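The values are calculated or read from the model by the stated rules, or taken from the named source; none is laboratory data. Please read all numbers here as calculations on a predicted model, not as lab measurements. Here the Cβ positions follow ideal geometry from the backbone for every residue, glycine too, while neighbour counts run over all protein chains shown.
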Amino acid sequence: MKLTVDHYFHIGHMHYTSGKPCQDHALSLSGTGFAGVVVSDGCSSGGNTDIGSRIISCATVQGIIDHRNASPNSLQTATQSIVTRQKQILSSARPLLGLAENDLLATCVYAYASEIGALISIQGDGAYAIKHKSGSMIIGKFEWLDNMPFYPAYRERNLEIFIDAQKKNGEKPYTNETFYLDSQGHYLSPIINSYTAEEGVNGIQIPISVDELKNIELIAVFTDGVVQVDGVTWIDAIKEFLAFKNFGGGFCRRRMKRAIKDFQSIIKDPQNNTGKGPQDDIACAVIHIEDDGG
């Protein structure tokens with residue numbers, strides 16, 4: 001099995017026009033027999049969360065590396081070991097860099113694949129896609145009510161405060177909407193699952209067995225900017241972002257740039273006002289899975 005990775009992030013129209021930095025980030029890595037990708041979305045009402053999202057991405061990548069080195073034959077322990085390493089790095093980095101707590105308010109969505117299977121983990125909000133070799137896809141998005149997502153940085157000291165605040169939004173304030181698309185891109189009504197605040201802060205994991213992995217072409221993770229692309233649905237946005245012509249170096253960057261340019265050229269009215277593309281910052285990271293004949 002050959003695993004190829006790439007990632008890309010892009011500033012949204014709202015941040016570009018207001019002179020704010022891009023607060024989304026993405027990273028990817030691959031090694032012998034494994035690969036990892038991560039995206040992170042900094043809170044717009046937080047502090048220097050453009051820095052925070054990068055620290056979250058780096059901490060998650062390091063967690064994947066450390067887990068791989070310590071337990072290469074275990075997917076069951078991956079989530080907890082990666083979370084533990086995240087927390088250690090965030091707790092150390094904040095005082096070392098002189099950051100405030102709200103500088104680290106950023107979400108995290110990552111995927112980890114190896115020769116024994118794969119998993120997708122969502123900490124906060126965001127989206128994912130699994131594309132099969134047949135062309136069919138599974139895509140899903142995760143959202144917290146009132147746009148108040150969980151951030152991994154809350155684990156340091158604000159976890160109970162966040163849970164109590166979310167309980168005011170109802171018994172199950174965390175929602176996952178999943179669509180199954182056939183090889184022609186057609187889909188029916190989504191499957192909707194809701195979770196308690198406690199379940200949400202523990203992160204939602206989507207396991208992929210080694211047998212399932214044999215039928216998968218790619219696994220992709222997105223920040224929630226993918227659901228805010230001007231002029232298109234989030235389903236169509238994901239389909240376009242993953243319409244790769246090849247998987248050579250920089251394949252995710254090339255495809256994202258092309259798709260964003262196309263979205264920005266959408267005619268909005270007879271006066272030729274065009275689309276804004278991603279309204280919010282957006283990040284994507286992809287694992288491509290190929291049978292190497294081994």
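A count restricted to the stretch 229-252 and to residues that are under 15 Å from the mean Cα position of the chain (by Cα) and surrounded by fewer than 17 Cβ atoms within 10 Å (Cβ to Cβ) stands at 0.
Collect the residues in the stretch 112-134 that are among the acidic types (Asp, Glu) and over 12 Å from residue 204 (Cβ atoms), keeping them in residue-number order.
The answer is 115, and nothing else.
Determine which member of the set 120, 192, 130, 208 is at pLDDT 95 or above, aliphatic (A, V, I, L, M) and in contact with a Pro (Cβ under 9 Å, 6 or more places away or on another chain). Being at pLDDT 95 or above, aliphatic (A, V, I, L, M) and in contact with a Pro (Cβ under 9 Å, 6 or more places away or on another chain) holds for just one of 120, 192, 130, 208, which is 120.
For the stretch 60-73, the set of residues classified as buried (at least 24 other Cβ atoms within 10 Å of the Cβ) and of a type in the set (Gly, Ala, Ser) consists of 63 only. Within this structure, residue 46 passes the test of being touching a helix residue (DSSP H, G or I) at 6+ places or on another chain (Cβ under 8 Å) and at pLDDT below 95.
Taking the stretch 117-161, which residues are surrounded by fewer than 23 Cβ atoms within 10 Å (Cβ to Cβ), of a type in the set (Val, Ile, Thr) and over 27 Å from residue 84 (Cβ atoms)? Listed by number, the list holds a single entry, 138. Identification of helices (runs of 4 or more DSSP H) wholly contained in the stretch 5-100 with 2 or more residues that are within 18 Å of the chain's Cα centre (by Cα) and of a type in the set (A, V, I, L, M, F, W, C) yields 49-70, 78-97.
In the stretch 60-86, which residue that is hydrophobic (A, V, I, L, M, F, W, C) and touching a residue at least 40 places away in the same chain (Cβ under 8 Å) is farthest from residue 102 (Cα to Cα)?
Of all residues in the stretch 60-86, those hydrophobic (A, V, I, L, M, F, W, C) come to 61, 64-65, 70, 75, 78, 82-83.
Remaining after also requiring touching a residue at least 40 places away in the same chain (Cβ under 8 Å): 64, 75, 78, 83.
Details: 64: 25, 75: 32, 78: 27, 83: 19 Å.
So the residue we want is 75.
Residue 226 - would you say it is in contact with a helix residue (DSSP H, G or I) (Cβ under 7 Å, 6 or more places away or on another chain), part of a loop (DSSP other than H, G, I, E, B) and either surrounded by fewer than 16 Cβ atoms within 10 Å (Cβ to Cβ) or touching a residue at least 12 places away in the same chain (Cβ under 8 Å) (or both)? Answer is no for this residue.
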